[in-house]
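One structure is given below, encoded as structure tokens.
Bear in mind these aren't lab numbers, they're just calculated from the coordinates by the rules spelled out. The shown structure was predicted, so the numbers you read here are calculated from the model rather than taken from an experiment. Positions of Cβ are generated from backbone atoms using ideal geometry, with glycine treated the same way; all protein chains shown enter the neighbour counts.
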Amino acid sequence: MDDSVYESCSYCGKTIMPGVVQCPYCRNYTDDKGPLGMDAPRATPRWFLIAGTLALIAMLLFVGFPLIVAVVSWLMSLMS
Ligand SMILES: [Zn+2]
């Protein structure tokens with residue numbers, strides 16, 4: 001018997017057929033939200049938001065720096 005073919009009820013832990021909506025043993029819905037569910041709610045990690053913000057800042061600096069240099073050199077050429 002291949003265990004990977006079957007799913008286990010997240011409420012009563014009994015082996016049930018994959019794809020069934022309702023557990024035939026305990027009549028709970030097999031949404032993996034039971035106490036035995038393996039899929040804990042995964043919130044977006046905070047480091048992901050920080051990394052995204054840093055990447056955005058780095059991208060703005062990367063794009064903005066040549067622009068600043070161009071503006072400064074243009075101002076220098078106006079002054080000379
Ligand atoms: Zn069950």
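Between residue 62 and residue 36, residue separation times 0.36 nm minus the direct Cα-Cα distance comes to 4.6 nm. Among 26, 9, the ranking by other beta carbons within 10 Å of each residue's beta carbon, starting with the fewest, stands as 26, 9.
Relative to the longest principal axis of the Cα atoms of the chain, helix 46-79 runs at roughly 10 degrees. If only the Cβ of Lys and Arg carry +1 and only the Cβ of Asp and Glu carry -1, the dipole of the chain around its Cα centre is close to 320 debye. Taking label positions 7 Å along the Cα-Cβ direction at both residue 27 and residue 14, the computed distance is 1.3 nm, reported to one decimal.
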